[in-house]
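Structure first, then comments.
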Amino acid sequence: MINKRYLAIALGAVLAVTPAFSDELALGFAGLRFFNGYIPSGLDLTLIYTGLELSDAADTKLFLKAGGGYENASLIRDPVTGDPWTATIAGNEYDILNFQWELAFIQGFSRRGDGDNLLEAFAFYRGRFDRYPNEALSDAVFSDIEGLFGTSIMGGVSYDSRAQNRHRSKQGVYAEASVEWGPGFLNEKSDFWRISSQIRGFQPVFDVPTEGGNLFNVYLAGFAGVDFAGGESVPIYVNQSFGGRSLRDSLGNTVRGYGWNKYDAAFKSVVNAELRLVGPAIVIDSIVPYLFGFADAGYYAGFADSANFSDASGFLASTGGGLALDLVGFAQAGIIAGLRLVDDQLYGPAEKFFWGIKFFLHF
């Protein structure tokens, strides 16, 4: 009864305060998670408050994100030597319970046409809890192999001129640079630093003029990112992702066709280019089908604490296309097929052709 009473009081307080800040408080969702690649199994809730008004030039924002999920995970490295697994070994695949939370202060310096910030600086506090069922594996290389309760701080700057018209065609540029530090004195299993930068751009090519919703449009999309991480104890998730305000998939997944969570090197870079052909909306304007063609390329260097691959490096490249359904700009579901243009040097020979049906969050 006590817990229910406190819950009712807290809920009432939130409902009472929210209308007063309705123009200054924005609720959103992000970080959709999937189990087995297609079953939604978690997401993040975001809150942005813009009522501080510390500058007339642009908005001051307080940002909160909290969420979690139950999803698949894998470690395609030997837990004893730190070496990438060979093609004859599947690696360690397991399920993971994950919770994440973030607090941020964001200060804008100029505005774009729609009134939101064009240029801004940000400072983040991050926390995460990962639970891996890996009690039988050695933690000689990966100290968080049984789980992690970690914190980090991050600072950086971003530029965002992106816009989307009523036909779901995108244009503009987003660029970001950040530095993140996980202090080892707070948790010896999460003692790392990372430097990350990215740029993504969109350019309309063709749009059939209509009075109503989209009939057909074409636009170009591009992404380039770099991530460099190191430290005394770099967590698995840091090696397997590109950093920044929103984490991006492993190099083996962002260069499509090379394998989820593979190429978790200290240095990673990737370039993606797409041509997107967007069709008429289905049921509502924000659900649209689209065809896309892509070309991806990436580079990796250095596997920290690896016995035999600490200096390994190489290039990846692929090309292909697919058919997808954009779900309110939140996630995409579809089929993708392509060709690997460079042989897999670390994980052994594989068929050049690849395909799959899945939910995905690309860029």
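The values are calculated or read from the model by the stated rules, or taken from the named source; none is laboratory data. Small disclaimer: the values here were computed from a predicted structure and weren't measured. For neighbour counting, all protein chains shown are included, and Cβ atoms are generated from backbone atoms with ideal geometry for every residue, glycine included.
Considering only region 151-185, state which residues are under 30 Å from PRO84 (Cβ atoms) and either outside any strand (DSSP E or B) or modelled with pLDDT under 90 (or both).
PRO183, GLY184 - these are the residues of region 151-185 that are under 30 Å from PRO84 (Cβ atoms) and either outside any strand (DSSP E or B) or modelled with pLDDT under 90 (or both).
Does region 310-324 hold any residues that are in contact with an Asp or Glu (Cβ under 8 Å, 6 or more places away or on another chain) and surrounded by 19 or more Cβ atoms within 10 Å (Cβ to Cβ), and which are they?
Correct list: LEU316, SER318.
So ASP311 fits all but one of (1) without any contact (Cβ under 8 Å) to a residue 60 or more places away in the chain; (2) closer than 20 Å to SER241 by Cα; (3) part of a strand (DSSP E or B); (4) not hydroxyl-bearing (Ser, Thr, Tyr); what number is the exception?
(3)
Name the residues in region 333-344 that are surrounded by 14 or more Cβ atoms within 10 Å (Cβ to Cβ) and of a type outside the set (A, V, I, L, M), would you?
GLY334, GLY338, ARG340, ASP344
From the residues in region 128-150 that are surrounded by 15 or more Cβ atoms within 10 Å (Cβ to Cβ) and not in a loop (DSSP other than H, G, I, E, B), which one is modelled with the highest pLDDT?
ARG128
When you go through SER138, SER158, SER178 one by one, which is the residue that is small (Gly, Ala, Ser) and over 18 Å from the mean Cα position of the chain (by Cα)?
On the way: SER158 fails: over 18 Å from the mean Cα position of the chain (by Cα); SER178 fails: over 18 Å from the mean Cα position of the chain (by Cα).
Among SER138, SER158, SER178, only SER138 is small (Gly, Ala, Ser) and over 18 Å from the mean Cα position of the chain (by Cα).
Taking the conditions exactly as written (under 30 Å from VAL80 (Cβ atoms), out of contact with any helix residue (DSSP H, G or I) (no Cβ under 7 Å at 6 or more places or on another chain), surrounded by fewer than 17 Cβ atoms within 10 Å (Cβ to Cβ) and of a type outside the set (D, E, K, R)), does ALA266 satisfy them or not?
It is false that ALA266 is under 30 Å from VAL80 (Cβ atoms), out of contact with any helix residue (DSSP H, G or I) (no Cβ under 7 Å at 6 or more places or on another chain), surrounded by fewer than 17 Cβ atoms within 10 Å (Cβ to Cβ) and of a type outside the set (D, E, K, R).
For region 219-239, give me each residue that is without any contact (Cβ under 8 Å) to a residue 60 or more places away in the chain, β-branched (Val, Ile, Thr) and surrounded by 22 or more Cβ atoms within 10 Å (Cβ to Cβ).
VAL238
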